[in-house]
Structures are given as C-alpha cells and as structure tokens.
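Participant: What follows is a structure written as structure tokens; I'll ask about it next.
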Amino acid sequence: MDIFDSHTHINDLAFANDLPDVIERAQAFSVTSMLVLAGDHASLRRLQALFALTPQIYGAAGCHPEDAKRYDDIEEQRLKQALQASRMKALGEIGLDYHCQVSHLVQQQVFRRQLVLARQLHLPVSIHNRDAFADTYQLLKAAQIAEFGGVMHSFNGDEKWAQKFLDLGMYLSFSGVVTFKNAAVVRKAFLATPLERVLVETDAPYLAPEPYRGRQNEPGFTRLTLEYLANLRQISARELAAITYQNTIKFLRIKS
Ligand SMILES: [Zn+2]
C-alpha cells in the first residue's frame, strides 16, 4: 500500500530535530509520498534540503493569506524562480483567511495575482480557505481554475459547498478534521464527493486526527485518516489508498 500525504509541512521547525525519524515512521505507515508546502524563504530552503533525503517528496510554494502584506513584485519573482525546480509541483498554499487580521482586500489581490501566476506556469494550486467560502469560490470561478487545477486543502465545508467546488473541477482534500467528533457536516460532504476527486492529507504539524487530536501531527498519521475515510465509505483502506494516490499523482502531474 502507498499513501500520498497531499499537504504537509515537515519543513516546519517543529520537525527540525527528528526529521529522519518522522520520514521513517511515515514509511512504516505506508505514507511513502508527500507534498510539502513552503510559505516563506526559510521554510522554502528547508523544503529544498528535503529533496535530497527521499525521492518521493515533492514541493509547493506560495504566499499564505496571513502573509499577504509581504507579497510584491520581488516576492513574485522569487516565487516564480523557486517554482521552476522540477520537484516543485504546485503553487500554494494560497487563498483567503478571514479569521486573521490582514485586510480582506489585500488578501484578495494577492490571491488573484497568484492564480494568474499559476495559470502562466501551468501549475495546480493548493487552496487555504478559512471563514471565506463565498469569496474563495468567486475568485476560483473567475480564474477558471479547471484549466490549471486546484484542491481545497483540509476541506471543512458542508455538502453544498463541496458540490460547488467540485463543479469548478476541483479536488477536495480531507485531513484529520473529518475524524473530529463535531465534524458530522464534513463527513457528509466526504460521502457526497466522488472518489476520483478525493485526496488525503495531514497538514502536519497541525490537525492531528483522532485519537491524537491536539498532539503534534505528522505525515504517518495520514494512514489513520485514510482508514477512517475508507471505513465511512465501506471500502478497504488499500483501495482508498490506491485511488487517492492516483488522484494526487494526476493532480500534481507526476509521471509514475
Ligand atoms: Zn497547510
């Protein structure tokens, strides 16, 4: 069995001291591939260093909405440059976060600019959305996202929103959130999502699935979320692993 963690931050300083162990534990859980997302220069450098450790680590970079104020022409050039590397497979995470203090207008401008960049570079995007479903949807729709591809990372909406993003041609990625007691709405959304549009992720070091909720998450725990989802769907974990692995490879345009 091969599991693809489609969204993780093992380049976070939380992992600085035991990275080889974290990767080894992931492999022991059959989490053999991962997409690692970088949001700033330091985390990008740590991501680039990871490429030497194992061949099945892929990268993404982008300006997170929380950092939108930092985005300017120079940042954009740097981002463009970083995304030229062959192991860099996506632009992200980008999007809108109305929970944070950054002005909505600034966030929207930066989000729009990066969607244009993704189209230019023909790279899929990993979308962060917090408390901003309607505006995120409008911007993705206007960008004609299906032409370059996108995933709603750690999808936490209801069935109605799931359907709207699916109608845009997007993937939905499910994290440990779907295992939380209070996430019945997300479970319903998952059950309504065609399997060929489902990805799985950890978002480590955040969002550890049950029974580890609140602890530091790590890529190996993708296995727990995957087993939980397979059980909901009443298929085997092996089957769901194979489907989501193929979906992720297709989404990231990785040649198998
Ligand atoms: Zn993330």
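The values are calculated or read from the model by the stated rules, or taken from the named source; none is laboratory data. Just so it is clear, the model here is predicted, and its values are computed rather than measured. Cβ coordinates were reconstructed from backbone atoms using ideal geometry, including for glycine residues, and neighbour counts include every protein chain displayed. Just so you know, the surface numbers come from the protein's heavy atoms only, side chains and all, with ligands and any DNA or RNA stripped out. Shrake-Rupley method; radii C 1.70, N 1.55, O 1.52, S 1.80 Å.
Participant: Tally time: how many residues in the range 192-236 are assigned to a helix (DSSP H, G or I) and within 26 Å of Asp18 (Cβ to Cβ)?
Facilitator: So the answer is 10.
Participant: Would it be correct to say that Val200 is over 14 Å from Tyr137 (Cα atoms) and open to solvent by less than 40 Å² (accessible area, probe 1.4 Å)?
Facilitator: Numbers: over 14 Å from Tyr137 (Cα atoms): yes; open to solvent by less than 40 Å² (accessible area, probe 1.4 Å): yes.
Judged against the criteria, Val200 is a match.
Participant: Check Asp40 against each of (1) open to solvent by 60 Å² or more (accessible area, probe 1.4 Å); (2) over 18 Å from the mean Cα position of the chain (by Cα) and name the one condition it does not meet.
Facilitator: Exception for Asp40: condition (2).
Participant: I'd like to verify a number: residues in the range 31-83 that are closer than 20 Å to Gly150 by Cα and within 16 Å of the ligand (Cβ to nearest atom), how many? Even if it seems obvious, please write down each step before you answer.
Facilitator: Applying the first criterion (closer than 20 Å to Gly150 by Cα) to the range 31-83 yields 33-39, 57-66, 68, 76, 79-80, 82-83.
Filter once more, keeping what is within 16 Å of the ligand (Cβ to nearest atom): 34-39, 57-66, 68.
Of the residues in the range 31-83, 17 are closer than 20 Å to Gly150 by Cα and within 16 Å of the ligand (Cβ to nearest atom).
Participant: Filter the range 4-36 for residues that are in a strand (DSSP E or B) and among the β-branched types (Val, Ile, Thr); which is most open to solvent (accessible area, probe 1.4 Å)?
Facilitator: Step one: list which residues in the range 4-36 are in a strand (DSSP E or B), which gives 4-8, 31-36.
Checking which are among the β-branched types (Val, Ile, Thr) leaves us with 8, 31-32, 36.
Numbers: Thr8: 0, Val31: 1, Thr32: 30, Val36: 0 Å².
The extreme case among them is Thr32.
Participant: Test Gln84 against the stated conditions and say whether it is more than 26 Å from Lys250 (Cα to Cα) and open to solvent by 30 Å² or more (accessible area, probe 1.4 Å).
Facilitator: When the stated conditions are applied, Gln84 does not pass them.
Participant: A further question on this structure: Ala189 versus (1) within 17 Å of the chain's Cα centre (by Cα); (2) assigned to a helix (DSSP H, G or I): which is the lone unmet condition?
Facilitator: Among (1) within 17 Å of the chain's Cα centre (by Cα); (2) assigned to a helix (DSSP H, G or I), Ala189 violates only (1).
Participant: Quickly run through the range 90-110 and pick out the residues that are away from the ligand (no atom under 15 Å from the Cβ) and either closer than 18 Å to Ala142 by Cβ or in contact with a Lys or Arg (Cβ under 9 Å, 6 or more places away or on another chain) (or both).
Facilitator: Tyr98, Val102, Ser103, His104, Leu105, Val106, Gln107, Gln108, Gln109, Val110, listed by residue number.
Participant: Moving to a separate point now. Whether any residue in the range 208-229 is more than 13 Å from the ligand (Cβ to nearest atom), open to solvent by 20 Å² or more (accessible area, probe 1.4 Å), over 20 Å from Ala183 (Cα atoms) and free of Cβ contacts under 8 Å to residues at least 60 places away in the same chain is what I want to check.
Facilitator: The answer is no; no qualifying residue exists.
Participant: Filter the range 157-200 down to the residues that are acidic (Asp, Glu) and more than 13 Å from Thr244 (Cα to Cα) and list them by number.
Facilitator: Selection gives Asp158, Glu159, Asp167.
Participant: Is the range 120-135 home to any residue that is without any contact (Cβ under 8 Å) to a residue 40 or more places away in the chain, open to solvent by less than 10 Å² (accessible area, probe 1.4 Å) and away from the ligand (no atom under 16 Å from the Cβ)?
Facilitator: Checking the range 120-135: not a single residue is without any contact (Cβ under 8 Å) to a residue 40 or more places away in the chain, open to solvent by less than 10 Å² (accessible area, probe 1.4 Å) and away from the ligand (no atom under 16 Å from the Cβ).
Participant: Just checking, does the range 184-195 include any residue being out of contact with any Asp or Glu (no Cβ under 8 Å at 6 or more places or on another chain), open to solvent by 20 Å² or more (accessible area, probe 1.4 Å) and among the small types (Gly, Ala, Ser)?
Facilitator: yes
Participant: For the range 68-91, enumerate the residues that are under 16 Å from His153 (Cβ atoms) and out of contact with any Ser or Thr (no Cβ under 9 Å at 6 or more places or on another chain).
Facilitator: Across the range 68-91, the qualifying residue is only Lys89.
Participant: Evaluate the range 67-74: report whether one residue or more is modelled with pLDDT of 95 or more and crowded, with 22+ Cβ neighbours inside 10 Å.
Facilitator: Within the range 67-74, one or more residues are modelled with pLDDT of 95 or more and crowded, with 22+ Cβ neighbours inside 10 Å.
Participant: Of everything in the range 163-180, what is more than 16 Å from the ligand (Cβ to nearest atom), outside any loop (DSSP other than H, G, I, E, B) and either closer than 25 Å to Ile254 by Cα or at pLDDT below 95 (or both)? Give them in sequence order.
Facilitator: Selection gives Phe165, Leu166, Asp167.
Participant: Can you say whether Gln114 is over 19 Å from Ser173 (Cα atoms) and within 16 Å of the ligand (Cβ to nearest atom), as far as the supplied structure shows? Walk me through how you get there before you give the answer.
Facilitator: Working: over 19 Å from Ser173 (Cα atoms): yes; within 16 Å of the ligand (Cβ to nearest atom): yes.
Against the criterion (over 19 Å from Ser173 (Cα atoms) and within 16 Å of the ligand (Cβ to nearest atom)), Gln114 qualifies.
Participant: If we keep just the residues of the range 136-183 that are open to solvent by less than 10 Å² (accessible area, probe 1.4 Å) and small (Gly, Ala, Ser), which is farthest from the chain's Cα centre (by Cα)?
Facilitator: To start, the set of residues in the range 136-183 that are open to solvent by less than 10 Å² (accessible area, probe 1.4 Å) comprises 136, 140, 145, 148, 150-152, 155, 157, 162, 165, 170, 172-176, 178, 183.
Next, from what is left, pick out any that are small (Gly, Ala, Ser): 150, 157, 162, 173, 175-176, 183.
Details: Gly150: 10, Gly157: 15, Ala162: 16, Ser173: 7, Ser175: 9, Gly176: 13, Ala183: 19 Å.
Selected residue: Ala183.
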